[in-house]
Structures are given as C-alpha cells and as structure tokens.
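Novice: What follows is a structure written as structure tokens; I'll ask about it next.
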Amino acid sequence: MQPTFRSLSERLATGAGAIYWHVANKNDLLTAACDAMVGHALGQPVTDASPHETIRALALSLFDTIDAHPWVGSALTRSPLQMPVVRILERLGQQVRAMGVAEAGQFAAVSALLSYIVGVSVQNAANAQMGRALGGDREAILAEAAQAWSALDADAFPFVRSIAAQFPAHDDRADFLAGIDLILRGLSSRV
C-alpha cells in the first residue's frame, strides 16, 4: 500500500496539517518514506564479505523491499535524483571502487547495477500484483503462459518455445541474482 497523508496522519494520530509542516506535498512524502525504506534495506550489515558478495546482498535486500512494498519502486523511478537513489548509488559505488573498476568506468558500472536492480525489482513486484489480481496461483498462471508459449510458431519463436518448460518453475529471486552475477562477472573481466 502506498503511504498517503491520510494514512500517515492516522498512524501518527495527528492531522494532515502537522505533516504538511514537514513535507510540502505527496511526492515529498513518498520520497521521504522511500528514503526510510531504502535506508533500512541498505542498512543491513554485510561484514567480512567481498565487494561481489556485498553487492549481491544489497541488491537482494532492495529486491525484497520492493517486492514487499511495490510503491518503493515507483517512488525510486519518480525521483531519480533524490536521496533514496543517492544512497543506493553511494553504497554500490563504494563496492564498485573496492572491486578495482577504473574511475572512468565507475559511473557506468553503478548505473548498470542500479538500472538492473530497480528495473527487475519493479517488474517482479508488478508481476506479483498482476498474479494476485488473476487469482494468486503463480504456478497455474505461469503454466498457462508456458503452454501458450509452447504453441507459438516454431520458426518465429524458437527461443521462447525452448524455455517454455522451464518457465513455470523458475525462481524470481534466483534469476535476479543470476543477472547481478552476470553484471559482476562482466565488471570483473574489465578490472
């Protein structure tokens, strides 16, 4: 559920006017709430870990946060220059530097990670919401899609047909981390 002035004022047992004293509008409220959620997600300590392991842990924490609170992904995409994104950039950037990525390539590396993390997390959360709207039986929904994919023209869709059998049982979190690993291997090969 997306936070609103009304829900926040009810939870805090105050009036919306008191909230407006601190934030100017709903967008600022969402950005502040998103910042709190991102801060919590990034605040999970990762000790004695390599930069790769730390990036994987940060990425998975953000993935899980957006999965649990889809509005966080929306807030991140609506305010790309605000503090929540700056926090993510900083944490990822520290690890990219620790990997030894050349300074000239650090922004591109962190941008690729950020885009992948937010993009895939938002899509996953949207898929989960759509799944609930369709009745919530993930396996049945994916099996139906896989069946339709299997029936596609073999010449026009050879790849999609070849993965159709794997689709119903795939693990979104594992696939997400596999993508992170692909990016990290690519970065490591350039160090």
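Novice: Rounded to the nearest 500, what is the chain's calculated 222 nm mean residue ellipticity when only DSSP H runs of at least 4 contribute -39500 (n - 2.57) each, over all residues?
Specialist: -24000 deg cm²/dmol
Novice: Same structure again: Could you give the semi-axes, largest first, of the ellipsoid that matches region 81-188, computed as the square roots of 5 times the alpha carbon gyration tensor eigenvalues and rounded to whole Å?
Specialist: Ellipsoid half-lengths, sorted descending, are 34, 18, 11 Å.
Novice: How big is region 53-142 by Rg and Dmax over its Cα atoms, in Å?
Specialist: 15.0, 48
Novice: Can you give the accessible area per residue of region 27-140, in Å², using a 1.4 Å probe?
Specialist: 51 Å²
Novice: Under the classification rounded if a/c is under 1.5, otherwise prolate if a/b is larger than b/c and oblate if not, where does the chain fall, given a ≥ b ≥ c as square roots of the Cα gyration tensor eigenvalues?
Specialist: In terms of gyration-tensor shape, oblate.
Novice: A follow-up question, please. With the dipole of the chain worked out from charges on the C-beta (+1 for Lys and Arg, -1 for Asp and Glu) around the Cα centre, which of Leu30, Thr47, Trp149 lies farthest toward the positive end?
Specialist: Value computed over the given set: Leu30.
Novice: Give me the percent of accessible area attributable to carbon and sulfur for region 132-186, probe 1.4 angstrom. Intermediate results must be reported in sequence, preceding the final value.
Specialist: Numbers: 2180 of 3740 Å².
That fraction is 58 percent.
Novice: Further, regarding this structure: What full-extension length gain, to one decimal in nm, is calculated for Gln166 and Gln147 as 0.36 nm per residue of separation minus the Cα-Cα distance?
Specialist: Value of the extension gain: 5.7 nm.
Novice: A further question follows. How compact is region 32-83 by the rule of thumb for globular proteins, expressed as Cα Rg over 2.2 N^0.38 Å? Could the numbers behind the result be given before it?
Specialist: Numbers: Rg = 11.6 Å, N = 52, 2.2 N^0.38 = 9.9 Å.
Relative to the 2.2 N^0.38 Å estimate, region 32-83 comes out at 1.17.
The values are calculated or read from the model by the stated rules, or taken from the named source; none is laboratory data. Since we're looking at a predicted model, the values are computed, not measured. Neighbour counts run over all protein chains shown; Cβ positions are idealised from the backbone, glycine included. In case anyone asks, the SASA skips ligands and DNA or RNA and just uses the protein heavy atoms, side chains included. Shrake-Rupley method; radii C 1.70, N 1.55, O 1.52, S 1.80 Å.
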